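Here is the structure we will look at, set down as structure tokens.
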Amino acid sequence: MALVLDVSDPQDDRQLHPQVGALCYRITAKGRVKVLLVTSRRTGRWIIPKGWPMDGKTAAEAATIEAWEEAGVRGQALDGRIGRFSYVKTRENATALACRVDVFPLRVRGLATQFPERGERRRAWMSLRRAAKQVAEPELAALLSSFAPPGP
């Protein structure tokens, strides 16, 4: 049974806008776990691919689509949520939104060179420790620090 890290406050769920995210990972030849982070479009901070739920798609399917659009990831997110984190989404000419992201593991089978947001973001493979230090959201950092890939 996978450990689900949930550090969000259930009292705040009513005010949080739901999103889905993919924790994209690979296992190196030496057995080390690397995760793929992308930069946000507006601020350039390091994040995981994430976005809004999609009508007719499960949360894991929507996370898979976001990983493709934002990072060119080939793979499929698993259905089991491994954690969640919250953050404030700043928007140009609009009110900021408090969001809660449900995170799904996605083992990367490959990366495309051509993908929808390739000119808008950078992507980088990082160790779990480095990734946890790079992200701004403490809850996401905790999730990265405790991540253990699901079995085969």
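Derivation of every value follows stated rules applied to the coordinates shown; laboratory data play no part. Just so it is clear, the model here is predicted, and its values are computed rather than measured. For neighbour counting, all protein chains shown are included, and Cβ atoms are generated from backbone atoms with ideal geometry for every residue, glycine included.
For the reader, a short list of remarks on this structure follows.
- Sparsely packed loop sites in segment 100-152 (the trypsin sites (Lys or Arg not before Pro) outside DSSP H, G, I, E and B with at most 12 other Cβ atoms within 10 Å) comprise 109, 122.
- Scalar couplings 3J(HN,Hα) for segment 98-105, obtained by applying the Karplus form with A = 6.51, B = -1.76, C = 1.60 to θ = phi - 60°, are 7, 10, 10, 9, 7, 10, 10, x Hz; x denotes Gly and Pro.
- In this simple spin-label approximation, residue 76 and residue 95 carry label points 7 Å from Cα along the Cα→Cβ vector, and these lie 4.0 nm apart.
- For residue 105, neighbours were defined as the other residues whose beta-carbon sits under 11 Å from its Cβ, and their charges (Lys and Arg +1, Asp and Glu -1) total +1.
- Debye intensity ratio in log₁₀ form over the Cα atoms of the chain, taken at each q of 0.13 Å⁻¹: -0.54
- Note on segment 15-146: Lys pairs 8 or more places apart or on different chains, Cα atoms under 27 Å apart, count 8.
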